[in-house]
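Undergrad: Take a look at the following structure, please.
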Amino acid sequence: AMEKKAVQPLVVDLTLEDVREAKRRIAGKVHETPVAHSKTFDEMATKAMRERWGEENVKETVKVFFKCENLQRGGAFKIRGALNKILSLTDEERQRGVVAFSSGNHAQAVAIAAKDSGSKAFIAMPQDAPKTKLAATRGYGANVFLYDRLKDDREAFTRKLGEDNGGLVLVPPYDDPFIMAGQGTCLLELFDQVQSDPELSAILKGTEHSERSEEPCCSREISSSRPEEPCCSREVSSSERPEEPRCSREISSSRSDEPCGSREVSSSERPEEPYFSGE
């Protein structure tokens with residue numbers, strides 16, 4: 001594997017108004033996904049919290065809501081950020097086309113967003129990416145180029161891909177205010193959908209990489225008043241996103257015999273639906 005380079009931290013200031021603007025920009029182009037609720041899960045969560053913090057501290061039944069972004073276009077929330085980013089580009093930039101790197105979900109999101117925006121997409125994907133995600137990304141119209149994740153620097157590979165094809169605009173999977181604002185629209189929808197429950201007190205989001213910070217951005221405790229303070233204003237470093245996370249990488253069901261505690265389930269393990277776009 002290649003030796004990782006030291007990366008300067010990136011300071012990203014994201015305001016609630018940025019997220020609202022993103023919501024207006026992508027309106028009608030993404031699904032408003034449903035929110036699921038389970039009384040059984042509420043009971044299980046309440047029991048677990050009482051065992052951990054004591055019954056005197058958890059007196060009422062905990063109510064848990066699930067924002068079903070697995071029903072979003074492309075099968076994940078990533079379309080929100082990719083679409084917001086591409087729609088924020090100038091006409092000239094969209095005419096040149098976009099480039100991105102991803103093992104699957106972001107790749108599909110950029111492919112869909114580029115197609116919707118009348119742009120062309122070039123995607124760098126690892127050779128061992130799930131075949132279903134490779135097929136889906138190509139099916140959405142993107143040009144896919146494969147790299148060796150053990151030998152190639154994916155960001156350098158992607159930069160060269162962009163330079164060799166007329167100066168494509170990079171659509172990164174993270175560390176970009178337009179991407180982050182787009183992803184944040186998921187929470188604005190959630191707030192609207194559970195507004196009959198004003199005591200919503202915490203947002204929980206699973207992390208993709210076990211090496212990332214123990215305090216994930218935007219999964220902090222929130223108040224029902226939803227303050228106007230920036231959602232994501234801490235320093236975020238690309239070093240928190242390793243090229244090959246130890247046990248949370250995307251793997252297909254063909255590798256399911258390999259033990260992994262928190263992997264991303266590929267679309268090959270979902271119901272037989274070609275691209276899972278909901279379109």
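Undergrad: With the stretch 40-132 as the region, which helices (runs of 4 or more DSSP H) entirely inside it contain at least 2 residues that are more than 13 Å from Ala142 (Cβ to Cβ) and open to solvent by 70 Å² or more (accessible area, probe 1.4 Å)?
TA: On the way: elements: 78-87, 91-96, 105-116.
In the stretch 40-132, the matching helices (runs of 4 or more DSSP H) lie at 91-96.
Undergrad: Return the residue satisfying two criteria in turn: it lies in the stretch 133-149 and is at pLDDT 95 or above and open to solvent by 30 Å² or more (accessible area, probe 1.4 Å), and of such residues it is nearest to Asp116 (Cα to Cα).
TA: Ranking the candidates gives Gly141 first.
Undergrad: Follow-up. Could you check the stretch 19-39 and list, in sequence order, the residues that are among the basic types (Lys, Arg) and either in a helix (DSSP H, G or I) or open to solvent by 90 Å² or more (accessible area, probe 1.4 Å) (or both)?
TA: Keep residues of the stretch 19-39 that are among the basic types (Lys, Arg), which gives 20, 23-25, 29, 39.
Answer for the stretch 19-39, where residues must be among the basic types (Lys, Arg) and either in a helix (DSSP H, G or I) or open to solvent by 90 Å² or more (accessible area, probe 1.4 Å) (or both): Arg20, Lys23, Arg24, Arg25, Lys39.
Undergrad: Pick out the one residue from Phe41, Phe66, Phe101, Phe77 that is within 21 Å of Glu163 (Cα to Cα) and not polar (S, T, N, Q). Please lay out each step first, then the result.
TA: Values: Phe41 fails: within 21 Å of Glu163 (Cα to Cα); Phe66 fails: within 21 Å of Glu163 (Cα to Cα); Phe77 fails: within 21 Å of Glu163 (Cα to Cα).
Exactly one residue qualifies, and that residue is Phe101.
Undergrad: Please verify whether the stretch 181-194 includes one or more residues that are under 19 Å from Ala111 (Cβ atoms), modelled with pLDDT of 95 or more, open to solvent by 50 Å² or more (accessible area, probe 1.4 Å) and not small (Gly, Ala, Ser).
TA: Start the filter on the stretch 181-194 by keeping residues that are under 19 Å from Ala111 (Cβ atoms), which leaves 182-183.
So of that shortlist, the ones also modelled with pLDDT of 95 or more come out as 182-183.
With the extra rule that they be open to solvent by 50 Å² or more (accessible area, probe 1.4 Å), the set shrinks to none.
No, that holds for no residue.
Undergrad: Filter the stretch 157-182 down to the residues that are closer than 15 Å to Phe122 by Cβ and among the aliphatic types (A, V, I, L, M) and list them by number.
TA: Leu161, Leu168, Val169, Leu170, Val171
Undergrad: May I pose another question? Report whether or not Thr61 is over 30 Å from Leu161 (Cβ atoms), hydroxyl-bearing (Ser, Thr, Tyr) and modelled with pLDDT under 95. Steps first, answer last, please.
TA: On the way: over 30 Å from Leu161 (Cβ atoms): yes; hydroxyl-bearing (Ser, Thr, Tyr): yes; modelled with pLDDT under 95: yes.
Spelling it out, Thr61 is indeed over 30 Å from Leu161 (Cβ atoms), hydroxyl-bearing (Ser, Thr, Tyr) and modelled with pLDDT under 95.
The values are calculated or read from the model by the stated rules, or taken from the named source; none is laboratory data. Please read these numbers as outputs of a predicted model, since none were measured by experiment. FYI the Cβ positions are ideal-geometry reconstructions off the backbone, even for glycines, and counts take in every protein chain you see. Note: areas computed on protein heavy atoms with side chains; ligands, DNA, RNA excluded. Shrake-Rupley method; radii C 1.70, N 1.55, O 1.52, S 1.80 Å.
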